[in-house]
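Chemist: The structure that follows is given in the form of structure tokens.
The values are calculated or read from the model by the stated rules, or taken from the named source; none is laboratory data. Given the structure is predicted, the values throughout are model-derived calculations rather than measurements. Using ideal geometry, Cβ is built from the backbone for each residue, glycine included, and neighbour counts are taken over all protein chains shown. Remember, those area values only see protein heavy atoms, side chains included, never the ligands or the DNA or RNA. Shrake-Rupley method; radii C 1.70, N 1.55, O 1.52, S 1.80 Å.
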Amino acid sequence: MADLIARSRRYNIAPAVSIRLFDALAESIAYQQLSGKAAATIFGRVRGLYPKTKWLDPAKILATPDDALRSAGLSRAKTAAIKDLAAKTIDGTVPSGRALLRMNDDEIIARLTQVRGIGRWTVEMLLLFDLGRPDVWPVDDYGVRKGFAKTFGRRKLPTSKQLIKSGEKWRPYRSVAAWYFWRALDAPEKLQR
């Protein structure tokens with residue numbers, strides 16, 4: 001791991017000063033299972049449905065006919081997920097950005113995974129990259145699993161259970177370990193043992 005850290009870009013994730021949670025999660029839903037370029041195009045079209053607003057408004061999303069969201073490129077499932085996100089933002093299931101900052105990771109995961117189309121992995125990425133939480137350990141992330149195997153010269157990818165156990169040594173900074181395992185996939189092959 002020391003070789004990997006020495007040859008990689010330094011960990012540089014910092015917490016966002018503020019977060020507009022509805023927008024961040026709507027974007028995450030739009031990007032699921034798509035290339036970045038395709039997802040950016042589709043999400044740009046969705047935002048284009050509301051030209052006079054800087055931020056997406058959950059009430060306006062709910063009032064938008066499904067066909068309009070579908071014509072922007074969202075699938076039926078993503079349209080339903082974004083509308084569920086809007087409804088759960090309005091009813092308070094999805095906390096405000098300010099409330100979110102006062103919650104611990106497990107509370108955030110429990111609340112946000114109640115939204116259709118948002119699973120644990122999506123929330124872990126929000127915790128790590130948007131909120132800059134230091135101890136996020138996404139054991140089901142393929143990149144973390146592959147980077148761990150590459151770093152430690154393993155032929156097989158570790159299971160989630162194996163990663164949970166191995167991750168204890170990096171607590172309370174498992175976000176840093178995850179970040180470096182992602183960097184291992186960018187690093188030269190000579191890091192392999």
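Chemist: Taking the Cα centre of the chain as origin and charging only Cβ (+1 Lys, Arg; -1 Asp, Glu), how large is the dipole, in debye to the nearest 20?
Modeler: For this selection, approximately 640 debye.
Chemist: Moving to a separate point now. Calculate one ³J(HN,Hα) per residue across the stretch 17-31 by plugging θ = phi - 60° into the Karplus curve 6.51 cos²θ - 1.76 cosθ + 1.60, and present them in order as whole Hz with x for glycine and proline.
Modeler: 5, 8, 9, 9, 4, 4, 5, 4, 6, 4, 5, 4, 4, 4, 7
Chemist: Using the Cα centre of the stretch 36-119 as the reference point, and only Cβ charges (+1 on K/R, -1 on D/E), how large is the resulting charge dipole? Debye, rounded to the nearest 20.
Modeler: Once rounded to the nearest 20, the dipole reads 380 debye.
Chemist: Considering only protein heavy atoms and a probe of 1.4 Å, how much of the accessible area of the stretch 1-151 is carbon and sulfur, as a whole percent?
Modeler: 53 percent
Chemist: Mind giving me the nanometre distance, one decimal, between the label points for ALA68 and TRP55, set 7 Å out from Cα along Cα→Cβ?
Modeler: Output for this residue pair reads 2.0 nm.
Chemist: Going highest first, how would you order 99-112, 116-129 by mean Cβ packing within 10 Å?
Modeler: Highest-to-lowest ranking by the protection proxy: 116-129, 99-112.
Chemist: May I pose another question? Shape call for the stretch 82-144 from the C-alpha gyration tensor, a ≥ b ≥ c root eigenvalues: rounded (a/c under 1.5), prolate (a/b greater than b/c) or oblate?
Modeler: Oblate is the answer for the stretch 82-144, as a/c is 1.5 or above yet b/c matches or exceeds a/b.
Chemist: Which Cα, out of GLY119, TRP137, ILE90, lies furthest along the positive dipole direction of the stretch 87-142 (beta carbon charges, K/R +1, D/E -1)?
Modeler: Going by the Cα projections, it comes out as ILE90.
Chemist: Here's something else I'd like to know. Among LEU21, ASN104, ALA63, which residue has its Cα positioned farthest towards the positive end of the charge dipole of the stretch 1-137, with +1 placed on the Cβ of Lys and Arg, -1 on the Cβ of Asp and Glu, and the dipole taken about the Cα centre?
Modeler: Positive-most Cα among the choices belongs to ALA63.
Chemist: Nothing charged except the Cβ atoms of Lys and Arg (+1) and of Asp and Glu (-1): what's the magnitude of the dipole of the stretch 107-193 about its Cα centre? Round to the nearest 20 debye.
Modeler: Dipole size: approximately 500 debye.
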